[in-house]
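Notes follow once the structure below has been shown.
Bear in mind these aren't lab numbers, they're just calculated from the coordinates by the rules spelled out. Given the structure is predicted, the values throughout are model-derived calculations rather than measurements. Glycine also receives a Cβ, built like all others from the backbone with ideal geometry; neighbour counts cover every protein chain displayed.
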2 protein chains.
Amino acid sequence: QNKHFALFNVWYLISKHHEQDAKRVIHSIKVGTALVLVSLLYLLDPLFEQVGENAMWAIMTVVVVYDFYAGATLSKGLLRGIGTILGGGLGCFTAILADKFGKTGNTIVVGNSVFIFGAVATYYRMIPSIKKRYDYGVMIFILTFNLVAVSGLRADKILELARERLTNIGMGFSVCIITSLLIFPMWASDELHRSTSSNFTKLASCIEECMEAYFNVSEKEGRKSINTSSCKAVLHSKSSDESLANFSRWEPWHGNFGFCYPWEKYLQIGEKLRELASIILSLQACIESPLQPSRTLQEPIKETCKNVGLSLGVTLRELGESIMKMRRGNEKVLVLPELQSTKLELTILSSSELQAFETVEALAVANFMFL
Amino acid sequence: QNKHFALFNVWYLISKHHEQDAKRVIHSIKVGTALVLVSLLYLLDPLFEQVGENAMWAIMTVVVVYDFYAGATLSKGLLRGIGTILGGGLGCFTAILADKFGKTGNTIVVGNSVFIFGAVATYYRMIPSIKKRYDYGVMIFILTFNLVAVSGLRADKILELARERLTNIGMGFSVCIITSLLIFPMWASDELHRSTSSNFTKLASCIEECMEAYFNVSEKEGRKSINTSSCKAVLHSKSSDESLANFSRWEPWHGNFGFCYPWEKYLQIGEKLRELASIILSLQACIESPLQPSRTLQEPIKETCKNVGLSLGVTLRELGESIMKMRRGNEKVLVLPELQSTKLELTILSSSELQAFETVEALAVANFMFL
């Protein structure tokens, strides 16, 4: 049965690897398609006569804005639009204002405003909360403001230029949106949902592996070594979770996710999971330490500990599954009293044991998650 | 003495906050200066007559490439240059090749090559090792290839255009480099060095706080609560450490850092520190758990545990300081035997105690770090 489990794991890894790869290939094809579509603005004569050299901006928009997740593409595109409009508007205003100061005054006014707006916007860009969400928009604001304010000295037809560029950015953006949302969309929200649920499973198998390694010591081989990589993966999931949640907020209604879906809950669950992962990691360190309690101390708590480990594993898997399928886990009502009674049992036993304490700790956190 | 320590901590936080803020202001001013310098290409008539509308590319380069750390600016600029040259070269080649197929054939050849190169480059962009280091360069490659291949149909003077744009990108880049490296440079390597060393200090004060909270329980107030935020900050430092190390590799020789400085060592030390942080975090969870050993069990090990905690703290601080000052820590020879003897003492005592086991664990990891 153990071998079967290992085989299943390998198969799972391969299929997951392939799935990941298939997604990458699909994404590459989508980007290629979007690029060809937007290049048609250049390649087809009737279209080119309409848009002219400004078609460059449409291509640039597609290359820069297109991202793996639909939410990322949407947020970048919208931020680019807003940044361009704000920067362009302010740049226009500055150029018109500066025009009233004569030749030299003009240069001075434009130079100063470029310095002030550039410095202030750069400062705001570095504030963590703005950096996390609006970094790209602020960058585009600086870029557009500069280009418009500076070239305002040369081109009189600044408004027309702005209109044409915006139209082109809009065209590029709509090509992005169409290929990104309509052809095999990759939702960041799906990914966040899936990864949160799979983190439960990962921790469950970590706990089971620990129990296995601790209590099944064979005389000749010694203790089995424990694979800590999946536990560490959960521990380091913070930054990817945060960016996924950030993109998810931008994604429109789809699948089971409505408007105003509570994405922060995922971050909170992730935080709890990371705490649990750190406890499991130090449990693993305890198990692998050369300092161990004697057999006689181990024996009486063996059964209870194993039970706790297994039911913890089952509960975590159950929770992960109920998150995946988005149903209320009714099973927890069945498991919770059992866990509580084992905890009590362990409390009595554990006053002289190290191992159990750790497990109870993990349990306390798991219990906390039920609330 | 305790109050003094708290005051010192607050002062440290404020001064650090100010320092951070001062750095941001300096960076903003540097960006503003670079923008004004590059805008002069437009604003001053003799310069504008030379570069023309292509000055746009210089401004764009400054806005996009300029980053907080010198290493990030350098790497982005160099990747941008390489990407532009490669993309431009291939685009030129494609345009010339496609020109031989007549009007319709031309469109088909260009469209297909845009699709193929776009899709393949996008696929490579998503491979983690390439994404981490060369993402920006590949994006610029796609962009330039597209622009050149597509517009090759229109402009006959494609080589001249490429030369002018490259010159402008070069001008923008040199403005970046001059302002970034010569005026108050912010080295990513300094930051990595500083943060690694300060992580040692953070963990040291975490351990000391734990010991304080565990053994100094007053009857009326109960246990003091422990501040876990700095420990968690260490735990989640992986992604920022990695990007800093990545930027550091691009930075030229400066200060105490020579060529081929072993930046991976910092990542390895960081990994060990994170393991230690996760152990301290679960130690904190143990201390705050409602399940506690009786006073009589606590009393005999109190002194030894405190000693271990304090000497661990001292050792960590010492190590952090010796990293900061880049000198070989001779003190460890003095501290190590002491730790080892206390560990032995604890081993004798700890067979019936939970708390100590944890500490020994932390010690084992700390010892491991000496090797």
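Annotations
- Mean per-residue shielding of peptide A:55-63 is 4, counting Cβ atoms of other chains within 10 Å of each Cβ.
- Each other copy places its own label point for residue B:46 at 5.2 nm from this one, sorted shortest first, where the point lies 7 Å along the Cα-to-beta carbon line.
- For peptide B:20-28, the mean count of partner chain Cβ atoms within 10 Å of a residue's Cβ comes to 3.
- 10 Å Cβ neighbours from other chains, averaged over peptide A:119-131: 4
- ³J(HN,Hα) computed for each position of the stretch B:194-211 - Karplus, 6.51 cos²θ - 1.76 cosθ + 1.60, integer Hz, glycine/proline x: 5, 5, 4, 5, 6, 4, 4, 4, 4, 5, 4, 6, 4, 4, 4, 5, 4, 4
- Taking 0.36 nm per residue of separation and subtracting the current Cα-Cα distance, fully stretching the chain between residue A:86 and residue A:326 would add 82.3 nm.
- Pairs from the table (A:76/A:131; A:238/B:132; A:23/B:76; A:30/A:272; A:238/B:202; A:103/B:76) lying more than 25 angstrom apart at Cα are A:23/B:76; A:30/A:272; A:103/B:76.
- With label points set 7 Å from Cα along Cα→Cβ, the inter-copy distances at residue B:243 are 0.8 nm, sorted shortest first.
- Nm distances between copies for residue B:132, ranked from closest, using label points 7 Å along Cα→Cβ: 2.4
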